[in-house]
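Have a look at this one before I ask anything.
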Amino acid sequence: MDDLAWLGVTWDAPPRRQSDHTREYVHALDQLRMADLTFECRCSRRDIESAANAPQEGVPAFGPDGRIYPGTCRDLDLHPSSETCCRLNMARACATGLPAQFLETGPRHAGQHNLSADSLMQTVGDVVLSRRNMAASYHLSVVVDDAASGVTHVIRGEDLFEATCIHVLLQSLLGLPTPVYHHHGLIRDDQGKRLAKRDDARAIARYRSDGATPQDIRQMVGL
């Protein structure tokens, strides 16, 4: 927040902390469960990797939610527990939530995008909605947060473009509005590697402490 204020970025409401809104995520998840659009999964990551060792030729192994789930628990009658996660039954979700579409204004994907059931089932799969001992995954929580905050335009890095179809489908299933999306190019270092916390990229605070100005930062990222 200090870094954003230093850059001149302001906001009109307090930041929304997900840890304060667990009930809202649980309510959204319950809506999907009541509509019979979810199933419980007890597979570990190792189980999923083992089941995916022989993928079909021409079928992608990874999607925007990581390794595409092979459907091991989809037809089992498992109950929610500390040993399971909750997944979206993508086939049923497509039958219920489509047609759906979104407007993208980013330079690489500009235009109207219509969600395809075939694409969602083959390249996305049964995504996780709630992980073990967690109220909601990123996909579910961000959809609930955007609607609760009255967000009309979402601006993200282009590495998240492929996940937008998941969010738009969830918005349709939950009866929530779909924002306009803009996915911008990633900010990279001199070697072409994207700047990310997980890679210990240099923080804005470091540039600031070394004497950089907000204008220096703007020039560095191409604004």
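The values are calculated or read from the model by the stated rules, or taken from the named source; none is laboratory data. Nothing here was measured: the structure is a model prediction, and the numbers come from that model. For neighbour counting, all protein chains shown are included, and Cβ atoms are generated from backbone atoms with ideal geometry for every residue, glycine included.
Considering only region 45-84, state which residues are assigned to a loop (DSSP other than H, G, I, E, B), of a type in the set (Val, Ile, Thr) and either within 19 Å of ARG132 (Cα to Cα) or modelled with pLDDT of 90 or more (or both).
Across region 45-84, the qualifying residues are ILE68, THR72, THR84.
If you don't mind, another one. Go through (1) surrounded by fewer than 18 Cβ atoms within 10 Å (Cβ to Cβ); (2) within 17 Å of the chain's Cα centre (by Cα) for GLY111 and report which single condition fails.
Looking at each condition in turn, GLY111 falls short on (2).
Using the structure shown, decide if SER137 is touching a Leu at 6+ places or on another chain (Cβ under 8 Å), closer than 28 Å to CYS85 by Cβ and not basic (Lys, Arg).
yes
Continuing with this model, one more query. Suppose the filter is surrounded by fewer than 16 Cβ atoms within 10 Å (Cβ to Cβ), at pLDDT below 90 and among the small types (Gly, Ala, Ser); does ALA201 pass it?
yes
Which one is surrounded by the fewest Cβ atoms within 10 Å (Cβ to Cβ) among residues in region 114-127 that are over 19 Å from HIS183 (Cβ atoms) and without any contact (Cβ under 8 Å) to a residue 60 or more places away in the chain?
So, considering only residues that are over 19 Å from HIS183 (Cβ atoms) and without any contact (Cβ under 8 Å) to a residue 60 or more places away in the chain, the one surrounded by the fewest Cβ atoms within 10 Å (Cβ to Cβ) is ASP118.
I've got another one for you. Against the definition (in contact with a Leu (Cβ under 8 Å, 6 or more places away or on another chain) and closer than 24 Å to ILE48 by Cβ), how does ASP126 come out, yes or no?
yes
If I ask for residues that are part of a loop (DSSP other than H, G, I, E, B) and among the basic types (Lys, Arg), which ones from region 4-44 would you list?
Within region 4-44, ARG16, ARG17, ARG42 meet the criteria.
On to the next question. What are the residues in region 93-108 that are assigned to a helix (DSSP H, G or I) and surrounded by fewer than 18 Cβ atoms within 10 Å (Cβ to Cβ), if any?
Scanning region 93-108 gives ALA95, THR96.
If you don't mind, there's one more thing I want to ask. Filter region 123-150 down to the residues that are more than 13 Å from the chain's Cα centre (by Cα) and farther than 30 Å from LYS193 by Cβ and list them by number.
Result: ASP126, ARG132, ASN133, ALA135, ALA147, ALA148, SER149, GLY150.
Pull up region 1-36, narrow it to residues that are over 30 Å from MET220 (Cβ atoms) and of a type in the set (A, V, I, L, M), then point me to the one that is surrounded by the fewest Cβ atoms within 10 Å (Cβ to Cβ).
Ranking the candidates gives MET34 first.
Okay, moving on. Being of a type in the set (Gly, Ala, Ser), touching a Phe, Trp or Tyr at 6+ places or on another chain (Cβ under 8 Å) and over 16 Å from SER19 (Cβ atoms) is the filter here; which residues of region 122-162 pass it?
Passing the criteria: only GLY125.
In region 109-127, how many residues are part of a loop (DSSP other than H, G, I, E, B) and closer than 27 Å to CYS41 by Cα?
6
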